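Right, one structure below, let's go through it.
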Amino acid sequence: MTDTLPPNGEVRGYDVIVCGSGAAGMLAAVRLHDLGLRPAVIEKSSRFGGTSAISGGGLWIPCNGLAQEGDSHDDALTYLKAVSKGSYREDKLEAYLDSGAEMVRYLAALGVQMISVPGFPDYIADAPGATSGRSLFPTEIDGKHLGEEFFRLRDSPEGYKLFGRYVLNLEQSFNLSERGKGWQWTAFKLMAKYWLDIGWRRMTATDRRLTMGRALCGGLRKAMMDRDIPLYLNCALTGLATTSGRVSGVDAQIFGKAIHFDAPAGVILATGGFEQSQKLRDDHLPVTTRRGWSLTPAEMNVGDGLTCGEDIGADTETLDANWWAPSMQIPSRTEPNLDIAASMTFDHRHPFSMCVNGLGKRFVNESCSYDEFGQAMIADHKATGANIPCWLVFDAKFRQRYPCGPVLPAFVMPDRSLPPEWWGSYIFKAGTIASLAEQMRVPGDTLAETVERMNGFAKTGVDEDFGRGRNRFDRFFGKADVGPNPCFGPIDKPPFYAVRIDLGDLGSKGGLKIDRHARVMARDGNAITGLYAVGNNSGSPFGNCYPGAGGTLGPATVFAYIAAGHIAGTGG
Ligand SMILES: Cc1cc2nc3c(=O)[nH]c(=O)nc-3n(C[C@H](O)[C@H](O)[C@H](O)COP(=O)(O)OP(=O)(O)OC[C@H]3O[C@@H](n4cnc5c(N)ncnc54)[C@H](O)[C@@H]3O)c2cc1C
C-alpha cells in the first residue's frame, strides 16, 4: 500500500530520501535497500511513475548481453562520441557503458525482464560504431500483482491504446500500425482477452495488462512493495537542507503543510525535467515553444529538483535542449477549451507523405528519428523563420493505410467518423494541392513544386535533397510493399491532407551537472557531498543527441543504479 502521510514536522529514520517516483527514482530506492540502506521516496503527484510510466519503457543499453547482434564497449563509445553534439564527458560515458549490462541483470532479478528487439537499429544508423539490438523493452506484467497500487500507477493517455481502451505491447503496436501478418487476429485477441477478464472488468475499465513504461514502473513499484520501501504521494520537494557543507535532508510540502525529512546518507533528486515550466522553457530553450506541445504529463515536471539544486550552488548542463518529438494539437472531445498534444513520433515516416515548412518547402529527411526531426525544425526555423509549426502533407493512399495520431487508417476510421471539430483545426483536406495550400496558408506554387519534386524522387527511389530511406534506421520502418524506396511514395491520389506539426518533446535534456558517480557538481567544480541527481533532473550524458530508442531511460536507470551504489559505498 502507498504510505500514509508522515506526521507533521520532522521525519527521521530514513538514510536516503529519493525525490520523484519515475523509473530512475524507484530503481534508485530499490537498489539502496538491497545495499543495506533505508530509503523513502517522496512524490509530488497523487500518481507514481511520472513520464516513465506513460513511455515506451525502452532502455538503450549497449553491450546489454541480451541482443543477438554483436556489440563492443569500443564500438559503443565510438558511436556515442560521434553522435553527441556539444560536450560529453568520457568518464561519464565509460561509467554508463561499464554499468549498463549489470543494471539490466539487476532489473531482471527484480522481476522486470527486458528483451532486445532483433534488428532495431540505433537512430543515427550511419554513424561509426552504430549497430542494432541496443534498445531493450520490458516484457508484460500482470497488474493484479500491484493490488491497490495498480490504481495509483499513472495511466497512459487514451491515444496510446487501441480505441483508447486496449493496452498494446510493442509487438502488437507494430503489428497493428503496420498491418503486419495476422493483424486482424491480434486485434481480435486483444479485445477478447479484455472482455473475457470478467472479474477485473467488474472492478475497473482499465486494462490490467501492464506493458511498456507501465510494465517498467509497475515492476519497480512491486519491488518497492516487496521490500516495504515507503512511497509518500502528494509530497513535493521544496528545498534541500545542508549541514556542515553536506546535503542532509529535504524540505517538502504535503497538502500545503511543510515537512522535513532527514537524510543523513544523502538525497537523490529524480524529479524529472523542466518541460512543464513555461518560464524555464522560455529561459533556456533556443526557440519559443509551448509546454502544451510536450507529450509529458501536465504540470508535474516543472524543474523543482533543478531549482532546489541551483539554490545551493549546483552547476547545470545542456539546458538548451529537449528530447524533441514532434507533436500535434488535438481539440479535446471532453474538454472543449483544451487541446491535447498527440504524438507524431512515427507518423511522419510513412510513405505517400512529406513534411514542409510554412514556405511550402521540405527541410528534413522525414524518416529520421523524432529528436533529429525536432532539431531540423529548430535549424530551419532559425534559417527561415517559418518552421514552427511545420506540416505533414499526405494523400489518400496514406490516409487509407496508415495512422496519423488519433486518426486511424480510413479503412478503420473513415473521414466521416472523425469528430467535426478536428477538421480545419488539426486536420485539413482538399481535392487539390492548391486548395490544400490555401487552407494551410502556405504558398501554393511552392507546395505544388515540392510535391512534384518529391514525386520524381519516389519514382527513382533516390531523395536527392535529404537522403530519405538511405540508412538502416529509415528502412527499418519502411514499407516492404512500397518501392523502389520503402520509405516514400508519390503524393498523387486525391483527396490531399495536411496536419500541423508542433515542436513537441518527451522531456527536457538538460539539468544538474553530475559526475560519473551521479554526484551533483557545484559551480566551483567540486562535488556537493550528499547530493545526487538522475534521470532528466540531471544533464544528459550524451550532450544534445538521442542515440537510440531508450536513449533517455537508459542513462536514467543506469545512473540511478550507480548513484545508489556510490551512496552505499560499493563503488558506483
Ligand atoms: C510518450 C512518451 C514515450 C516515451 N518513450 C520513451 C522510451 O521508450 N524510452 C526512453 O528512453 N524514453 C522515453 N520517453 C522519455 C522518458 O519517458 C523520460 O525521459 C523519462 O521518463 C524521465 O524519467 P525521470 O525518472 O527522469 O522522470 P519522470 O519519469 O517524469 O519522473 C519524475 C517524477 O518526479 C515527480 N516530481 C516532480 N517534481 C517533484 C517534486 N518537487 N517533489 C517530488 N516529486 C516530484 C514527478 O511527478 C514524476 O513522478 C518517452 C516519453 C514520452 C512522453
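Mind listing the long-range amide H neighbours of Thr529? Cut-off is under 5 Å, sequence gap 5 or more, other chains count too, H placed in the peptide plane at 1.01 Å from N.
Long-range HN contacts for Thr529: Val247.
Putting +1 on Lys and Arg Cβ atoms and -1 on Asp and Glu Cβ atoms, find which of Phe163, Leu196, Leu176 reaches farthest to the positive end of the dipole of the stretch 162-206.
Leu196
Can you order the peptides 495-504, 548-557 by their average number of other Cβ atoms within 10 Å per residue, highest first?
Order by mean packing, descending: 548-557, 495-504.
Could you work out how far the C-alpha centroid of the stretch 94-116 sits from that of the stretch 351-398, in angstrom?
The distance from the Cα centre of the stretch 94-116 to that of the stretch 351-398 comes to 36 Å.
When the Debye formula is applied to the Cα atoms of the stretch 326-503, each taken as the same point scatterer, what base-10 log of I(q)/I(0) results at q = 0.12, 0.13 Å⁻¹?
For the requested q values the scattering log ratios are -0.50, -0.60.
Need the C-alpha centroid separation for the stretch 411-434 versus the stretch 506-563, integer Å.
Cα centroid of the stretch 411-434 versus Cα centroid of the stretch 506-563: 43 Å apart.
If you plug each phi of the stretch 295-303 into the Karplus form 6.51 cos²θ - 1.76 cosθ + 1.60 with θ = phi - 60°, what whole-Hz ³J(HN,Hα) values come out, in order, with x for Gly and Pro?
So the J values, rounded to whole Hz, are 8, 8, x, 4, 6, 6, 8, 10, x.
Taking the mean number of other Cβ atoms within 10 Å as a proxy for protection, how do you rank 434-441, 158-165 from highest to lowest?
Ranking the peptides 434-441, 158-165 by packing returns 434-441, 158-165.
Viscosity 1.002 mPa s, temperature 20 °C: give me the Stokes-Einstein translational D for the chain in µm²/s, with Rh taken as the Kirkwood radius over C-alpha pairs.
D = 88 µm²/s.
Please give the helix 90-110 orientation as an angle from the longest Cα principal axis of the chain, in degrees from 0 to 90, rounded to the nearest 10.
In the chain, helix 90-110 runs at an angle near 80 degrees to the longest axis.
Would you mind ranking Glu140, Glu102 by Cβ crowding within 10 Å, fewest neighbours first?
Glu102, Glu140
Just to confirm the number: angle between the C-alpha axis of helix 212-226 and the first principal axis of the chain, 0 to 90 degrees, nearest 10?
Tilt of helix 212-226: around 10 degrees.
Can you tell me the alpha carbon radius of gyration of the stretch 3-119 divided by the globular rule-of-thumb value 2.2 N^0.38 Å?
Dividing the Cα Rg of the stretch 3-119 by 2.2 N^0.38 Å gives 1.30.
Express in nm, to one decimal, how much length is gained between Ala434 and Asp126 on full extension, taking 0.36 nm for each residue of separation and deducting their alpha carbon distance.
Working it through step by step, the gained length comes to 107.2 nm.
Give, as a single signed number, the net charge of other residues whose beta carbon lies under 12 Å from the beta carbon of Arg201, with Lys and Arg counted +1 and Asp and Glu -1.
Result for the local shell: +2.
Quickly estimate the mean residue ellipticity at 222 nm for the chain, helices only: each DSSP H run with n ≥ 4 gives -39500 (n - 2.57), and the total goes over all residues, rounded to 500.
-9000 deg cm²/dmol
Name the residue from Ser327, Leu35, Thr242 whose Cα lies farthest towards the positive end of the charge dipole of the chain, charges +1 on Cβ of Lys and Arg and -1 on Cβ of Asp and Glu.
Among Ser327, Leu35, Thr242, the one farthest towards the positive end of the dipole of the chain is Ser327.
From the P(r) of the stretch 162-206, could you give the percentage of C-alpha pairs in the tail past 16 Å?
When all Cα pairs of the stretch 162-206 are counted, 38 percent exceed 16 Å.
So who's got an amide H within less than 5 Å of the one on Ile115, skipping anything under 5 residues away but keeping other chains? H placed 1.01 Å off N, in plane.
Amide H neighbours of Ile115: Phe137, Thr139.
To the nearest 10 degrees, how steep is helix 73-83 against the longest Cα principal axis of the chain, on a 0 to 90 scale?
60 degrees
Given the Cα-Cα distance of Ala258 and Leu35 and 0.36 nm per residue of separation, how much length would full extension add, in nm?
Net length gain for the segment: 77.2 nm.
Highest first, please rank the peptides 29-42, 260-273 by the mean number of other Cβ atoms sitting within 10 Å of their residues.
260-273, 29-42
Stretch Arg227-Ala108 to full length: gain in nm at 0.36 nm per residue minus the Cα-Cα span?
Full extension of this stretch gives 41.2 nm more.
Laboratory data are not the source of any read-out in this text; all were calculated from the coordinates shown. What you see is a predicted model; the values in this text were computed from it and never measured. Quick reminder, even Gly has a Cβ in these numbers, built from the backbone with ideal geometry, and neighbours come from all protein chains shown.
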